[in-house]
Each structure stands twice: as structure tokens, then as C-alpha cells.
Amino acid sequence: MLFYAFAGAAVIGSLLVVTQKNPVYSVLALIASFFGLSGLYVLLEAPFVAVVQIIIYAGAIMVLFLFVVMLLNVPREDAAEWDRAHPLYRPMAVRIGGALALLLALELAWALSRTAGLGGGVADQHPAVSSVAELGRVLFTDYMFAFEVTSILILIAMVGAVILAKKKEE
Amino acid sequence: MAIGHYLVLSGVLFSIGAAGVFLRRNLITLLLSVEIMLNAVNLAFVAFGRQFGTVDGQIITFFVMTVAAAEAAVGLALVIGLFRHRESLNPEAFTSLKW
């Protein structure tokens, strides 16, 4: 039952993100959705991922989003005036976009319905590996190279963000 | 809970995120929809990791999270830069390269 509660929170939060006109509400709804996902990670016996989800995603990334939304101070989508300028384009774009999204959902449903062995409890076959020590050991041995590359990625992203957001010097 | 439940939920979340990318015309909401999709994939990774009793699913989740953080930082910097140019967050405002 907990699964359905958390899954409902995640789905409703995500739907609100997509349907809200005001980006501030979208960001807050996404944080609610992340809390639902975090609960699901606890159910999957991955407590470290659950905590990291809250700290990194809800705590750091979403605060960054909220900061930018408030910095730019354009709460509402300005699609309305654009639509008046191009009366033919938007319905077509929405139709194609909606069809693509629907197609993706149908493909996923089809693939899942054709896959065998999805029944049975997720925890039936193997014991859970949830200790942080084991996680760290694998991360710093098997995934050593990926870990180092990730640190370079973060460095490049940081430099890029600073350069992109910097005001041009006159 | 069966792995199928988690995969269906993951698919639903991914579809919602994709619909957001296709249908919304606000750069911030577009980035948020990408985050939804990344999280849907994370959920599938962790569910599979639990199913097979390995730690790899959780570790890949961390890598996805770092990529998401980098993407958010660079993406938002781009949004700020674009907004300075055009005073708009509508992707249709940035079509100078269109012929």
C-alpha cells in the first residue's frame, strides 16, 4: 500500500509540473514528486539513494531552479501573445507533440506487456545490498574510472555555467 | 511489489516528462520535464538493482544524478543568457538560425 501512496505522490507531482502555468509551482510540485520517489527508494531498500535524492535533488538542484525562476522574474508562459501572431502553428505543434508523447507511452506499455517475468516480488530472489560501505567499495573499485570522469564533468559544467551566465564586459 | 509495478511507474513518469518536453513552451518547464525523465530512469535502475541483488543500480543512479546536476547548472546558465538576449523564455523566440 505504501508503494501506491508514494507512486501516487510521484505521478501527481509530475503531472502538476507539466500542467502548471507558473514555473514556481512547477518546481515545488517537482520537489513533492521527488519526495514520493525517495519513499520508493526506501521501499526498494536503497536508503542511501533515498537520502541523496532529497539532499541533492530536492535540496540543491531544485533550489537552483527556484533561484533562476525568481531571478528571471517571468512567472507566466508568454505563449498567449505568440499564438495570436501565429494562429496556425500552435495547434499543429501541440497535435504532433501530443501524438509523439502518446506514441512513446504506447510503445512503453507494449514493451512491458510483452516482457515475461515481471511478476513475483522484487525482493524475492536476492538479498538487498543497502550498506553504504558496500556501495562505496564498489564505487571506488569497479567504477573508479567513471567516478573520475564524473568529477571532470562536474568541473567542466561549473566552468561552463560561470562563463555562460557571466555578464559580457563592455 | 513486483518489478513490473516499478517499471510501469517508471514508464508513466517518463511519458509525463516526454509530454512536458513536447507540449510546454517554457524553457524552465522543459528542463524540469527532463529532470522527471531522468528520475524515471533512476527508479528503473534502482528497481532492477534490487531485483538482481546488486549494488550497480544504485551506483548508476548516482552517476545519473551528477549528470542531472551538471545539466541543470549549464542549462540554467544558458536560460539566463538567452533571457538576457530576448527577454523571453519561450523557445519560439530563439529561432534566428531558422531560414
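The values are calculated or read from the model by the stated rules, or taken from the named source; none is laboratory data. Note that the structure is predicted; figures quoted are calculated from it, not measured. Cβ coordinates were reconstructed from backbone atoms using ideal geometry, including for glycine residues, and neighbour counts include every protein chain displayed. Remember, those area values only see protein heavy atoms, side chains included, never the ligands or the DNA or RNA. Shrake-Rupley method; radii C 1.70, N 1.55, O 1.52, S 1.80 Å.
Does A:Leu135 fit the bill of being of a type outside the set (Gly, Ala, Ser) and surrounded by 15 or more Cβ atoms within 10 Å (Cβ to Cβ)? In short, yes. Of everything listed in (1) assigned to a helix (DSSP H, G or I); (2) of a type in the set (Gly, Ala, Ser); (3) facing another protein chain (nearest Cβ under 7 Å); (4) over 24 Å from A:Leu104 (Cα atoms), the single unmet condition for B:Gly75 is (3). Candidates in segment A:39-57 are the residues that are more than 9 Å from chain B (Cβ to nearest Cβ) and out of contact with any Phe, Trp or Tyr (no Cβ under 8 Å at 6 or more places or on another chain); of these, the one that is surrounded by the fewest Cβ atoms within 10 Å (Cβ to Cβ) is A:Ile55. Does A:Ile31 fit the bill of being more than 7 Å from every other protein chain (Cβ to nearest Cβ) and open to solvent by 10 Å² or more (accessible area, probe 1.4 Å)? Criteria met by A:Ile31.
Considering only segment B:79-99, how many residues are assigned to a helix (DSSP H, G or I) and either open to solvent by 80 Å² or more (accessible area, probe 1.4 Å) or at positive phi (or both)? Qualifying residue count for the region: 3. Within segment A:107-128, no residue that is more than 10 Å from B:Met1 (Cα to Cα) sits with its Cβ atom under 6 Å from a residue that is surrounded by 12 or more Cβ atoms within 10 Å (Cβ to Cβ) and of a type in the set (Lys, Arg) at 6+ positions apart or across chains. Looking across segment B:15-57 at every residue that is under 11 Å from A:Val17 (Cα atoms) and in contact (Cβ under 8 Å) with a residue 60 or more places away in the chain, the one that is nearest to the other protein chains (Cβ to nearest Cβ) is identified as B:Ile28. Scanning segment B:25-64 for residues that are surrounded by 23 or more Cβ atoms within 10 Å (Cβ to Cβ) and of a type in the set (D, E, K, R) yields B:Glu35, B:Arg50.
Taking the condition part of a loop (DSSP other than H, G, I, E, B), aliphatic (A, V, I, L, M) and surrounded by 18 or more Cβ atoms within 10 Å (Cβ to Cβ), does B:Leu7 pass? Considered against the rule, which asks whether it is part of a loop (DSSP other than H, G, I, E, B), aliphatic (A, V, I, L, M) and surrounded by 18 or more Cβ atoms within 10 Å (Cβ to Cβ), B:Leu7 comes out as no.
If I ask for residues that are closer than 23 Å to A:Lys21 by Cα and β-branched (Val, Ile, Thr), which ones from segment B:60-94 would you list? Hits for segment B:60-94 are B:Val79, B:Ile80.
Does B:Ala70 fit the bill of being facing chain A (nearest Cβ under 7 Å), of a type outside the set (Lys, Arg) and within 30 Å of A:Lys167 (Cα to Cα)? Against the criterion (facing chain A (nearest Cβ under 7 Å), of a type outside the set (Lys, Arg) and within 30 Å of A:Lys167 (Cα to Cα)), B:Ala70 qualifies. Just one residue in the set A:Ala101, A:Ala146 is at the interface with chain B (Cβ under 9 Å from one of its Cβ atoms), touching a Ser or Thr at 6+ places or on another chain (Cβ under 8 Å) and of a type outside the set (S, T, N, Q); that residue is A:Ala101.
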